[in-house]
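Undergrad: Please read through the structure below; I'll follow up with questions.
The values are calculated or read from the model by the stated rules, or taken from the named source; none is laboratory data. Bear in mind the structure is a predicted one, so any value in this text is a computation, not a measurement. Cβ sites come from the backbone with ideal geometry, for glycine too, and all protein chains shown count toward neighbours. Note: accessible area is taken over every heavy atom of the protein model, side chains too, but ligands, DNA and RNA are not part of it. Shrake-Rupley method; radii C 1.70, N 1.55, O 1.52, S 1.80 Å.
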Amino acid sequence: MKRIGQATLFNVEYAAVMVGFGLYWAWIDCAFFAPVLYNPVDPSSMPLSLVHLCVIACSLMPPLVVAALRPDAAMQSRTVVLAFAVTGTLCNALLLTCAFFEGVGAVAFAVLFGGAGMGLGALAWGCRVASYGAEGASVCIPGTFVASVLVGLLVQALVAEASAVIVAFLPLASCALFMVSFRSHADRDCVAGRTENPASIRVPLSKLFGIIPTHFMVILFLFCAAFGIMQYLLVLPHAESASIIEQNIAVRGFIALVVLIGFGVLSWKPDAAYKIGLLLITAGFLATPFLKSAALSSSIVMAGYTCFDMMGWIIVSALAVKNEDNAAGVIALSRLFELGGVLCGGVVGVLATGWVWSDDANMAIVTTAIAYLLVAAAVLLLYRGTTSVWPLMERPVEGELGLKAGEKAMEALANRYGLTPREKDMLGFFAAGRSIPWIAQHEGISEGTVRSHTRHLYEKANVHSRQELLDIIEDQIVLDDESQWKHS
């Protein structure tokens, strides 16, 4: 069976994460994008598009709180997951009541609960996926998308009553699978909330902007804004929006399946998904004025956005692993830019709908401008002189201690703590800013072996986190420099 690093493509842990996270996304798609639960007595009083935009706005609150106040929060806790299940289920119940009587209050509370559930669920599942590293995320993320699409297609195929019942219980089902994966994952180091690291080092929000490269956050925002414009400008205002949404769901599933096979069997890197996604999403906007088909152009854009969305999650997972003490903050900050992009794009789409659809020339101007903006952003911000997105996962050179600069310090620390040659190698890799998945791939050993060496290294050095280890190395380098200055 093909393996990603040292992790099999299909195993019990990955299956639980794929299906559980997939149920979360299926709930988002079916509860807010498709009118499965929300069928108000007077549809004109609160359009579905407005409900969805309000939910996205409310969903910004959990990641904002985590990024600003608790970047070291343990988001993989049962409390967080239960909170997601409860708020999501309450949202579903309130949306269903709108079919029987008009009530602005019910919609408002549904929006608040839905936003809270959407924000908490993404953070909890995001930390779970990140705990498997970039290689594991390369399998889990596309598998998650495939699972969500299969559930979405099932819901669309059933009668309205059965569909509503299934969607209403999706948050609870997702929560149950999280608990299953939580138990099976208990013997591994968990990003954000690891029991063996109670003394985590919390960083301020300003430092998080240094952890996630600015150019990546900008391109993430722009791609998501383009998706938001597509949804609210090309799809929802269209007379056949329901059929277009179903078609886009199928396209999303097909692309995710292709990427899953590419990552899991053919050992693709996220570079492939990024390049394909950029080509498709740009082509979709450029072709809109000529195709005269909102369904076809939106499907092309959806295919491109799906590629980019998966690549983004994988990169964020790798960044979270590299900064495991504040992994929740890393994921939360990326969610702020992603959801902020969708929200801004959606607002622009809603406001520009009347003007854009009034004339073909207006449609051509807007879609072409978006396409050129995406191309310019990708070339100027993301590539930064390289043809690979993997350098985004590496720390800036000026922030690394470096193997060569600290060779003397490495030797001194190895002698002080009685490190084995392999533990000394781990110390050097951590000083150079390497992640556990990178070390495992570079050395040709399993991640479990790397974690075992790391645990022994922590015990001998009497530290509880990588940051504490780096502090010891920095202190030793300063001590060596002072000693050299005195002798000179």
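Undergrad: Taking the condition surrounded by fewer than 22 Cβ atoms within 10 Å (Cβ to Cβ), part of a loop (DSSP other than H, G, I, E, B), at pLDDT below 75 and in contact with a helix residue (DSSP H, G or I) (Cβ under 9 Å, 6 or more places away or on another chain), does Ala192 pass?
TA: Here the answer is no, as Ala192 does not meet what is asked.
Undergrad: Here's another thing I want to ask about it. Condition first: farther than 23 Å from Ala320 by Cα and open to solvent by 40 Å² or more (accessible area, probe 1.4 Å). Now tell me which residues in segment 49-81 satisfy that.
TA: If the condition is that a residue be farther than 23 Å from Ala320 by Cα and open to solvent by 40 Å² or more (accessible area, probe 1.4 Å), then Leu50, Cys54, Ala57 are the ones that fit.
Undergrad: Also: As an exercise: evaluate Gly105 against (1) free of Cβ contacts under 8 Å to residues at least 12 places away in the same chain; (2) in contact with a strand residue (DSSP E or B) (Cβ under 8 Å, 6 or more places away or on another chain) and give the number of the one condition it does not meet.
TA: The single condition Gly105 does not satisfy is (2).
Undergrad: Can you tell me how many residues in segment 232-268 are of a type in the set (Phe, Trp, Tyr) and either at pLDDT 75 or above or on the phi > 0 side of the Ramachandran plot (or both)?
TA: The total comes to 2.
Undergrad: So, one more: State which residue is farthest from the chain's Cα centre (by Cα) when the search covers only segment 146-172 and only residues that are in a helix (DSSP H, G or I), at pLDDT 90 or above and of a type outside the set (A, V, I, L, M).
TA: By that ranking, first place goes to Pro171.
Undergrad: Every residue in segment 85-116 that is open to solvent by 30 Å² or more (accessible area, probe 1.4 Å), within 18 Å of Phe33 (Cα to Cα) and not in a helix (DSSP H, G or I), please.
TA: Residue satisfying the conditions is Ala99 alone.
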